[in-house]
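What follows is a short report on a single structure.
The values are calculated or read from the model by the stated rules, or taken from the named source; none is laboratory data. Worth saying up front: this structure is predicted, and the values here are computed from it rather than measured. Neighbour counts are summed over all protein chains in view; Cβ atoms, including those assigned to glycine, are modelled from backbone coordinates with ideal geometry.
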Amino acid sequence: MPKINDITSFTVITAAIFTIVVVRYFIAAGVFHLLFYTSKSSKWNSRKVNQQAYKKGQFQKEIKWSIVSSLIFAVAGTLTVWLWQQGKTQIYEELGWLDIIYIPVSLGVAMFLHETYYYWVHKAMHHPGVFRYVHKVHHESLISSPWTAFSFHPLEALLEAVILPLILIVIPMHPLAILLHLIVMTLSSVINHLDIEIYPKNFENHWLGKWIIGATHHSLHHKDFKTNYGLYFTFWDKWMATENGNFNKVFKEKSRQKIFSAGG
Ligand SMILES: [Zn+2]
Ligand SMILES: [Zn+2]
């Protein structure tokens, strides 16, 4: 990685990270779009949480906001690399045998911290005085889609971007753990905005299914605004009693739909 020591090197690294972030968005959202939203994949229609049609031009709008968000994520990424080069983060590079255990543990800790940060920031963004300036753009997608994954107002993108550098200042993480975190972040955002329940039936009673967020869970948030604030996990919603009362009912209904009914 070239040293960041002037505006040119900062711009070059930002452009490189921006390209990676945008390509990652188009691949992740694009693959899920092809798998679940084309006429060939219409067999998934029965599992669509909201059966109404999308507003005209919604995907284009979401893509525009997502590209702007990607630029903000890229600047935050470059700042993180700069902090790393200045020795201000806990990022370490040498791998030892203990990393077989430590990498998953550090990933778990980072995800827990991210979850906690996001839950409370998300709740604050729903405060009436804040909502219209920061979070309204994301909720313009009343029915979410894979393209909603990064569709944020720049202020919201900024709030989302600062947590990873903050975590890296405190928690020792190997680049591999950071990469895994970024992959999980993107995948979960696309899955949670899919509006099609892809988890298997009875998953709501499974030890893992009880705790991880999926499409039904987050679709209910996009619809009623007042419940299901979590990001990856349901625990804060359960602890703070903000989980949607209809979640289990809707999840049961959607996850039991046969996926072969329409297209054959
Ligand atoms: Zn959302
Ligand atoms: Zn929200």
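Applying the set (1) on the phi > 0 side of the Ramachandran plot; (2) among the acidic types (Asp, Glu); (3) away from ligand 1 (no atom under 16 Å from the Cβ) to Asp195 leaves exactly one unmet item: (3).
Of all residues in segment 217-230, those that are within 11 Å of ligand 1 (Cβ to nearest atom) have Cβ atoms under 7 Å from Cβ atoms of residues that are small (Gly, Ala, Ser) and assigned to a loop (DSSP other than H, G, I, E, B), 6 or more apart or on another chain, in His218/Ser144; Ser219/Ser144; His222/Ser141; His222/Ser144.
Would you mind stating whether His174 is within 16 Å of ligand 1 (Cβ to nearest atom) and either modelled with pLDDT under 95 or crowded, with 18+ Cβ neighbours inside 10 Å (or both)?
Taking the combined requirement at face value, the residue does not satisfy it.
Can you confirm whether Thr38 is at pLDDT below 95 and surrounded by fewer than 17 Cβ atoms within 10 Å (Cβ to Cβ)? Here the answer is yes, as Thr38 does meet what is asked.
Taken together, the residues in segment 196-214 that are more than 15 Å from ligand 2 (Cβ to nearest atom) and under 14 Å from the mean Cα position of the chain (by Cα) amount to 2. Here is a check on your reading of the model: is Ile100 away from ligand 1 (no atom under 14 Å from the Cβ), among the β-branched types (Val, Ile, Thr) and assigned to a loop (DSSP other than H, G, I, E, B)? Spelling it out, it is not the case that Ile100 is away from ligand 1 (no atom under 14 Å from the Cβ), among the β-branched types (Val, Ile, Thr) and assigned to a loop (DSSP other than H, G, I, E, B).
Tallying residues that are within 13 Å of ligand 1 (Cβ to nearest atom), within 23 Å of Trp239 (Cβ to Cβ), touching a residue at least 60 places away in the same chain (Cβ under 8 Å) and more than 14 Å from the chain's Cα centre (by Cα) within segment 113-170 yields 1. Mind listing whichever residues of segment 151-165 are part of a helix (DSSP H, G or I) and not hydrophobic (A, V, I, L, M, F, W, C)? Within segment 151-165, Pro154, Glu156, Glu160, Pro165 qualify.
Here Val21 clears all of (1) buried (at least 19 other Cβ atoms within 10 Å of the Cβ); (2) closer than 23 Å to Leu187 by Cα; (3) touching a residue at least 60 places away in the same chain (Cβ under 8 Å) except the condition numbered (3).
Flag set for Tyr229, criterion: within 15 Å of ligand 2 (Cβ to nearest atom) and within 26 Å of Ile63 (Cα to Cα). Filtered by the rule that a residue be under 30 Å from Phe10 (Cα atoms) and surrounded by fewer than 16 Cβ atoms within 10 Å (Cβ to Cβ), segment 86-108 gives Gln86, Gly87, Lys88, Gln90, Tyr92, Glu93, Glu94, Leu95.
Of all residues in segment 1-46, those that are outside any helix (DSSP H, G or I) and over 22 Å from Glu62 (Cβ atoms) total 6. Checking the stated criteria, Lys223 turns out to be within 16 Å of ligand 2 (Cβ to nearest atom) and modelled with pLDDT under 95. The condition (being charged (D, E, K, R) and within 18 Å of Phe73 (Cα to Cα)) is satisfied by just one residue among Glu204, Glu140, Glu197, Glu160: Glu160.
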